[in-house]
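Have a look at the structure below, then the notes.
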Amino acid sequence: MAYSRRFILAGLSALSLAACQSGGTAASTPRNASGELRAVRNARFDAWVPGAKKRMIARGLPVSAVNRAFRDLGYLPGVVARDRNQTEFVRSFEDYLAIAASDARIAKGRAMLSRYARLLNQLEARYGVEKEVIVAVWGVESRYGERRGDVPVMSALATLAFDGRRGRFFEGQMAAAIKIIARGDVTPARMMGSWAGAMGHTQFIPSSYLAYAVDFRGDGKADIWSDDPTDALASTAAYLSRSGWKRGQRWGKEITGRAQSGKGRVVKPAGERGPVFEVYHNYGVLGRYNNAQKYIIGVGHLSDRLVGRPALRASFGADEHGLTLDDRKALQKSLTRAGFDTGEADGVLGDKTYAAIKAYQQSYGLQVTGMPSKALLAMLR
């Protein structure tokens with residue numbers, strides 16, 4: 001099997017993210033990329049590039065494709081920073097689920113099921129993977145294509161290969177990316193993705209693309225980068241199918257008390273606090289896509305909600321501010337109604353919510369703490 005996506009994507013939510021010399025010494029600027037992901041000159045990287053090119057050619061890759069892939073190469077310091085500090089982005093299980101299966105994501109997922117019903121029915125029939133599962137992967141990976149990544153994949157992979165922490169792996173991914181370019185599936189300029197090199201609607205790394213990508217449209221290219229999600233969704237269905245997905249079987253389910261059936265194993269992602277799940281064979285199949293427990297349950301639970309199954313019954317209890325998830329959602333909705341935008345009311349408190357709280361407190365002459373509280377919620381109500 002080709003390198004699994006989980007090698008670099010476990011622990012990540014999914015998302016995802018011009019030189020004039022063939023040596024790649026000039027810095028390129030990713031279109032739409034944030035400042036921290038813009039390329040900068042780096043003398044050591046520039047000295048590393050020629051050797052990397054030789055190693056790619058020594059693998060038997062076409063010289064013309066190698067030259068095209070390296071032409072706009074740039075060093076992206078933000079990629080290294082993110083790779084070394086992934087723990088900063090780790091959310092609690094409660095927050096992860098709140099985002100993965102938010103009301104907005106469920107609503108949009110149902111809209112996608114309707115919009116692409118014919119395609120999804122075809123994929124389910126051909127690959128034996130339920131359409132709700134395919135759409136749930138799409139929703140968690142890129143918010144249904146909204147966040148496919150705007151970082152040049154070759155530059156991201158080269159930066160990570162040069163950095164050396166997993167240099168051998170990322171050089172392998174560079175070679176796989178060049179094979180894709182050599183086949184004519186995508187140009188280097190269109191090969192955009194996340195900071196970790198994952199691409200398209202459902203975030204395939206290059207080696208997984210080579211192993212599983214499907215040209216379902218029949219135009220000679222498996223185009224996972226297009227606004228049209230057809231090939232990306234087909235590729236995801238093919239990936240899960242070849243990983244052993246069993247149609248008609250659930251990934252798992254929430255259990256309470258002694259409701260375990262004995263047909264699976266029990267997992268407690270939040271310990272003794274929060275929901276408990278009994279998981280089955282397809283749980284492990286989702287783990288082939290991304291082995292992070294939060295991810296597996298996030299996709300599984302979102303797929304359940306898209307089918308029409310209810311929200312989780314178990315409560316995580318109150319947070320350090322004394323607020324439950326429903327309280328935090330109510331706080332966000334109330335602030336937004338009052339004219340202080342918090343973004344999506346998913347119950348996950350981020351920078352936008354804290355800024356809204358602060359602005360509200362300033363506007364009404366309150367002590368400006370920027371912190372949520374039950375008193376603040378009562379005042380807004």
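The values are calculated or read from the model by the stated rules, or taken from the named source; none is laboratory data. Note that this is a predicted model, so its numbers are computed, not measured. Cβ: placed from backbone, ideal geometry, glycine included. Neighbour counts: every protein chain shown. The accessibility values were calculated without ligands, DNA or RNA, using every heavy atom of the protein model including side chains. Shrake-Rupley method; radii C 1.70, N 1.55, O 1.52, S 1.80 Å.
Out of the stretch 236-260, which residues are under 26 Å from Lys131 (Cβ atoms), open to solvent by 60 Å² or more (accessible area, probe 1.4 Å) and in a loop (DSSP other than H, G, I, E, B)?
Answer for the stretch 236-260, where residues must be under 26 Å from Lys131 (Cβ atoms), open to solvent by 60 Å² or more (accessible area, probe 1.4 Å) and in a loop (DSSP other than H, G, I, E, B): Lys246, Arg247, Gly248, Gln249, Arg250.
Applying the selection to the stretch 144-175, what residues are closer than 27 Å to Gly300 by Cα, buried (at least 19 other Cβ atoms within 10 Å of the Cβ) and touching a Leu at 6+ places or on another chain (Cβ under 9 Å)?
Arg148, Gly149
Kindly establish whether Glu130 is among the acidic types (Asp, Glu), open to solvent by 10 Å² or more (accessible area, probe 1.4 Å) and at pLDDT 95 or above.
The answer is yes for Glu130.
In the stretch 120-160, how many residues are of a type outside the set (Phe, Trp, Tyr), touching a Phe, Trp or Tyr at 6+ places or on another chain (Cβ under 6 Å) and under 20 Å from Arg110 (Cα atoms)?
1
Can you say whether Gly287 is small (Gly, Ala, Ser), open to solvent by less than 50 Å² (accessible area, probe 1.4 Å) and assigned to a helix (DSSP H, G or I), as far as the supplied structure shows?
Yes.
If Phe340 passes every condition in (1) assigned to a helix (DSSP H, G or I); (2) open to solvent by 10 Å² or more (accessible area, probe 1.4 Å); (3) in contact with a Phe, Trp or Tyr (Cβ under 7 Å, 6 or more places away or on another chain) but one, which one does it miss?
(1)
Has the stretch 136-152 got at least one residue that is over 15 Å from the mean Cα position of the chain (by Cα) and modelled with pLDDT of 95 or more?
yes
Where in the stretch 60-111 are there helices (runs of 4 or more DSSP H), lying wholly inside it, with at least 1 residues that are in contact with a Leu (Cβ under 7 Å, 6 or more places away or on another chain) and either open to solvent by 20 Å² or more (accessible area, probe 1.4 Å) or within 16 Å of Leu349 (Cβ to Cβ) (or both)?
93-100
Which residues, counting only those in the stretch 37-53, are among the charged types (D, E, K, R) and surrounded by 11 or more Cβ atoms within 10 Å (Cβ to Cβ)?
If the condition is that a residue be among the charged types (D, E, K, R) and surrounded by 11 or more Cβ atoms within 10 Å (Cβ to Cβ), then Arg38, Arg41, Asp46, Lys53 are the ones that fit.
As an exercise: evaluate Ala375 against (1) in contact with a strand residue (DSSP E or B) (Cβ under 7 Å, 6 or more places away or on another chain); (2) open to solvent by 60 Å² or more (accessible area, probe 1.4 Å) and give the number of the one condition it does not meet.
(1)
Go through (1) over 24 Å from Trp138 (Cβ atoms); (2) open to solvent by 10 Å² or more (accessible area, probe 1.4 Å); (3) aliphatic (A, V, I, L, M) for Ile181 and report which single condition fails.
That leaves (2) as the condition not met.
Please verify whether Lys329 is within 14 Å of Ala104 (Cβ to Cβ) and at pLDDT 95 or above, treating the condition exactly as stated.
Yes.
Only one of (1) touching a helix residue (DSSP H, G or I) at 6+ places or on another chain (Cβ under 7 Å); (2) basic (Lys, Arg); (3) farther than 25 Å from Ser208 by Cβ fails for Arg337. Which number is that?
(1)
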